[in-house]
Structure formats: C-alpha cells, structure tokens
Amino acid sequence: MKTWHLRVVDTQGQAISQGKALWRYVLAWLWFVPPLAGVAPFKLSGGEIAVIVIGWVVFYALLSRFHPRRQFVHDAIAGTELISHRPMSKTIPA
C-alpha cells in the first residue's frame, strides 16, 4: 500500500508474516461475500443487487467507527491494523 503510505502491522506494530497476511486477505472478503451469498438464491435485477452490496459495504465500513481502535472487522479478527507510514525523504548531499 505504498501509494497511500500505509503499512499493515500486527497489534504490537511489528511486520506481519505471510500467513497472517493471507489470513487477513481471506477475511477481507467479508466486504463482499455475505451480500453476494445472500442474494444468490433470489432472482434480483442488477440494480437491486447493487443496492444490497453497496448497502452492506457502507454498513461494514461504518462498523469500524464503533471499534475502540477504529479497525475494520477483518483486521480485528486477523490481529492486524493499518498504520500511516511516511518514508524518510531522500536528501541529496550538497
């Protein structure tokens, strides 16, 4: 997440292992799998599916506002968090 200057670390601020990163990735599908699985048995139009999925994503994002550390559900379960990380500026010696 270099572009946004974010790092994923564990709850102690240390770098995460590949296994923990994979677990976080799997849990991040909570953004989309529940609403998609919920609408699968029904014959809904594309617009109705979009409203349900977008509603779920908004609800999921709002849940982070109620978490004590402002974490998304998948980060809380995985034991990870996002932190702001600005790289050191490169200065050219004169």
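Below, the figures for the structure above:
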| quantity | calculated |
| --- | --- |
| Pair Thr3, Ile49: separation of 7 Å Cα→Cβ label points (nm) | 2.6 nm |
| Trypsin sites (Lys or Arg not before Pro) lying in DSSP loop within segment 33-91, provided at most 10 other Cβ fall within 10 Å | Lys43, Arg69, Lys90 |
| Angle in degrees between helix 46-63 and the longest Cα principal axis of the chain, rounded to the nearest 10 | 40 degrees |
| Listed residue (Gly79, Val33, Val58) projecting farthest to the positive dipole end of the chain, Cβ model | Gly79 |
| Dipole moment magnitude, nearest 20 debye, the chain about Cα centre, only Lys, Arg, Asp, Glu C-beta charged | 320 debye |
| Chymotrypsin sites (Phe, Trp or Tyr not before Pro) restricted to segment 16-72 and DSSP loop, no more than 16 other C-beta within 10 Å | Phe32, Phe42 |
| Angstrom value of the Kirkwood radius, inverse mean 1/r, which spans all Cα pairs in the chain | 15.6 Å |
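Every read-out reported here was derived from the displayed coordinates using simple, explicitly stated rules and does not represent laboratory data. Computed from a prediction, not measured in an experiment: that's the story for all the values here. Neighbour counts run over all protein chains shown; Cβ positions are idealised from the backbone, glycine included.
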